[in-house]
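Inspection log for the structure reproduced underneath, given as structure tokens.
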Amino acid sequence: MTHPRLELTLAGAFLLGACAAPQTDTETPAPPSNPAAIPVYDAKAFHENTRVFGASFSHDESRLLVTMDETGVLNVYSQPVAGGEPVMLTQSTDDAHLGLSYFPADDRFLYAVDHGGNELDHVYVMEEDGSSRDLTPGDKLKALFYGWSGDKAHFYIATNERDPQAFDLYRYRTSDYARELIFENQDGYTLNEVSPDGRWLALNKIISNADTDLYLQDLSASGSTPALITTAPGEATYSAQAFSHDSTRLYYVTNAHGEFAQAWSYEMASKSHRAEVVADWDVNYVTLSESGRYRVSGINEDARTVLRVHDAKAGADVALPDLPSGEIVNVAFSPSDAKMAFYVSNPRAPSNLYVLDTATGAHTQLIDSLNPAIDPAHMVEGEVIRYKSFDGLEIPAIQYRPVQASASNKVPALVWVHGGPGGQSRVGYSALIQHLVNQGYAVLAVNNRGSSGYGKSFFHLDDRQHGEDDLKDCVWARRYLDGLDWVDGERVGIIGGSYGGFMVLAALAFAPEAFDVGVDIFGVSNWLRTLESIPPWWGSFRAALYAEMGDPAQDRERLQRISPLFHAANIQKPLLVIQGANDPRVLQVESDEIVAAVKKNGVPVEYVVFPDEGHGFDKRQNRVTASETFIRFLDVHLRARPASATP
């Protein structure tokens with residue numbers, strides 16, 4: 001149940017090693033030699049960075065369509081590739097507007113809008129005269145953009161207007177937006193990719209969280225049904241990634257061949273499969289440039305993703321030029337392959353937009369996202385560590401140590417639990433975490449058993465054991481922190497969002513002495529209700545979620561046993577709860593009821609509800625308010641709490 005709008009997982013994508021860069025690039029600063037010289041910044045300073053993402057080249061390759069929150073609200077902008085100030089294209093003051101794609105032959109563009117974070121996105125077109133049109137009108141529907149046909153005469157949009165639990169695929173004419181239903185999804189498939197020639201549609205069928213099947217639908221054959229193309233024995237997951245330029249081959253990622261996911265391809269004519277990218281860690285994804293010359297793959301190497309760019313014409317991987325240290329996200333090639341747009345981020349800097357000339361290797365930084373009021377040297381790096389849990393299993397985690405922390409100046413600490421289930425904390429920039437660390441709180445972002453990125457065995461260790469063994473991993477994270485001579489072992493709390501918020505409540509209810517405070521950010525308190533009320537557009541994922549968490553019709557006793565709401569009388573430590581009123585995944589009632597129940601215990605409880613947010617906070621001011629609330633609460637109930645006689 002993670003959501004990218006709130007930084008609950010530590011952002012990251014492709015790792016690049018530190019190396020020399022032109023003076024115009026943002027260098028990774030050296031840490032200050034005098035910890036006492038570190039200023040204390042307020043929350044606003046950390047959140048007044050410019051959030052920017054997305055990269056779609058204009059038809060003449062002179063501009064990039066991006067999404068930015070320059071005004072505090074996400075809007076669509078046009079960024080000149082040659083440099084200069086971005087041009088604001090939408091002017092929303094409330095709902096987030098997310099750029100999708102420029103049109104292939106003119107300056108029209110597609111963008112998505114929901115309302116107050118309800119995730120019921122519609123797809124709009126902005127005409128060249130500045131007028132806009134909803135291409136997916138209707139109530140309570142959700143729409144998703146699926147790209148362009150190879151000849152650019154059409155584009156594809158999926159909606160659940162016919163059946164709230166299934167997405168059908170429509171083909172829209174580029175010239176006048178006339179649409180045609182080309183695939184009616186009667187059997188609960190997940191739509192993946194459409195081939196450039198428009199003939200093939202790749203589909204997933206989810207059997208469980210450990211088992212999916214991959215299908216191909218021939219859209220040119222009237223009356224045909226999806227054909228299964230993966231027949232490996234045993235359980236395995238498959239995810240289609242891209243079709244080749246000539247529509248003869250489908251690239252996909254699977255864990256059918258070992259502990260970690262690999263990239264393979266399937267040739268339609270011969271019905272044969274072959275390995276494409278194999279590594280000692282999960283291959284997270286594969287994308288292709290429009291011409292098919294460049295293949296980009298991302299390998300999730302210990303919470304950092306290593307980037308590979310393969311040049312099919314040269315038959316070799318591309319030697320990337322000197323770039324700033326950090327990770328690259330949102331790689332996009334221009335239609336001619338002459339330019340590559342990407343973002344670079346690291347724990348001390350949010351994503352900065354770059355463009356690279358593929359012929360010369362010359363690169364230019366187009367946007368510097370970091371608030372100039374903050375010195376990057378005043379922030380900290382994340383260190384990947386491992387600690388042993390109750391059964392000896394090594395648990396990966398990312399450790400953020402305040403600069404001022406020492407054996408003579410011990411600091412309070414927080415165990416940070418990511419969302420999911422099955423998410424991963426990653427090395428990267430987080431305004432929330434950097435603000436906490438700057439204020440003198442150590443943060444240990446744990447990747448408890450059940451987290452992704454460490455092989456399928458590790459991922460499935462918590463299946464139907466949520467709130468049990470994975471909770472023990474978090475409790476033993478505190479034991480690890482207690483053993484550090486620079487951590488105040490009597491002042492350790494737990495914080496997390498979504499599934500991580502559930503873990504916070506579970507820790508306070510089922511291990512009530514393990515932590516000194518809890519911060520729950522839209523966390524599940526009642527699994528029975530949450531699993532019975534999942535958003536209808538998650539219909540195809542229901543089997544996977546039930547396989548992992550349990551079926552409320554069959555596993556009622558266990559789900560009630562692990563739901564903190566039914567054990568709220570055990571909670572005796574101070575609790576802060578943050579919630580979005582429009583959250584379709586974790587309903588507000590989940591937070592309302594746990595807050596009311598814990599208040600009956602006479603325990604300090606604070607509760608903040610944002611009326612204009614959903615499962616994650618789009619608006620800058622709301623993110624600032626949340627961060628400020630964290631610090632006020634922790635300063636009172638953790639930093640200033642009396643020392644206990646028996647920690």
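Screening GLU513 with (1) crowded, with 22+ Cβ neighbours inside 10 Å; (2) farther than 16 Å from ALA397 by Cβ gives one miss only, at (1). Only a single item in (1) buried (at least 20 other Cβ atoms within 10 Å of the Cβ); (2) closer than 16 Å to TRP264 by Cα; (3) more than 16 Å from the chain's Cα centre (by Cα) is not met by GLY292, and it is number (1). For region 420-473, which residues satisfy the criterion of being in contact with a helix residue (DSSP H, G or I) (Cβ under 8 Å, 6 or more places away or on another chain), open to solvent by 10 Å² or more (accessible area, probe 1.4 Å), outside any loop (DSSP other than H, G, I, E, B) and charged (D, E, K, R)? Scanning region 420-473 gives a single hit, ASP469. Across region 474-505, the qualifying residues are those that are surrounded by fewer than 23 Cβ atoms within 10 Å (Cβ to Cβ) and small (Gly, Ala, Ser), and the one among them that is farthest from GLN560 (Cα to Cα) is GLY483. Considered as a group, the residues in region 306-329 that are part of a strand (DSSP E or B) and open to solvent by 60 Å² or more (accessible area, probe 1.4 Å) include one that is farthest from ALA55 (Cα to Cα), and that residue is ASP317. Here ALA568 clears all of (1) among the small types (Gly, Ala, Ser); (2) in contact with a Lys or Arg (Cβ under 6 Å, 6 or more places away or on another chain); (3) under 29 Å from PRO604 (Cβ atoms) except the condition numbered (2).
The condition (being open to solvent by 20 Å² or more (accessible area, probe 1.4 Å), assigned to a loop (DSSP other than H, G, I, E, B), at pLDDT 95 or above and closer than 20 Å to VAL598 by Cβ) is satisfied by just one residue among GLN572, GLN560: GLN572.
Among ALA349, ALA332, ALA303, which is surrounded by 21 or more Cβ atoms within 10 Å (Cβ to Cβ) and within 25 Å of GLU70 (Cα to Cα)? Don't jump to the end; show me each part of the working.
Working: ALA332 fails: surrounded by 21 or more Cβ atoms within 10 Å (Cβ to Cβ); ALA303 fails: within 25 Å of GLU70 (Cα to Cα).
Criteria check complete, one pass: ALA349.
Can you find a residue in region 624-640 that is closer than 30 Å to GLY550 by Cα and either open to solvent by less than 20 Å² (accessible area, probe 1.4 Å) or of a type in the set (S, T, N, Q) (or both)? Within region 624-640, none of the residues are closer than 30 Å to GLY550 by Cα and either open to solvent by less than 20 Å² (accessible area, probe 1.4 Å) or of a type in the set (S, T, N, Q) (or both).
Out of GLY419, GLY423, GLY450, report the one residue that is within 20 Å of the chain's Cα centre (by Cα), at positive phi and among the small types (Gly, Ala, Ser).
Numbers: GLY419 fails: at positive phi; GLY423 fails: at positive phi.
Exactly one of GLY419, GLY423, GLY450 is within 20 Å of the chain's Cα centre (by Cα), at positive phi and among the small types (Gly, Ala, Ser), namely GLY450.
Across region 561-591, the qualifying residues are those that are over 26 Å from the mean Cα position of the chain (by Cα) and of a type in the set (D, E, K, R), and the one among them that is farthest from TRP527 (Cα to Cα) is LYS573.
From the list GLU184, GLU180, exactly one residue is of a type in the set (D, E, K, R), free of Cβ contacts under 8 Å to residues at least 40 places away in the same chain, under 14 Å from ALA153 (Cα atoms) and surrounded by fewer than 20 Cβ atoms within 10 Å (Cβ to Cβ). Which is it?
Result of the check over GLU184, GLU180: GLU180.
The values are calculated or read from the model by the stated rules, or taken from the named source; none is laboratory data. Computed from a predicted model, the values in this text were never measured in an experiment. Cβ sites come from the backbone with ideal geometry, for glycine too, and all protein chains shown count toward neighbours. To get the accessible areas, we keep the full protein, side chains included, count just its heavy atoms, and leave off ligands, DNA and RNA. Shrake-Rupley method; radii C 1.70, N 1.55, O 1.52, S 1.80 Å.
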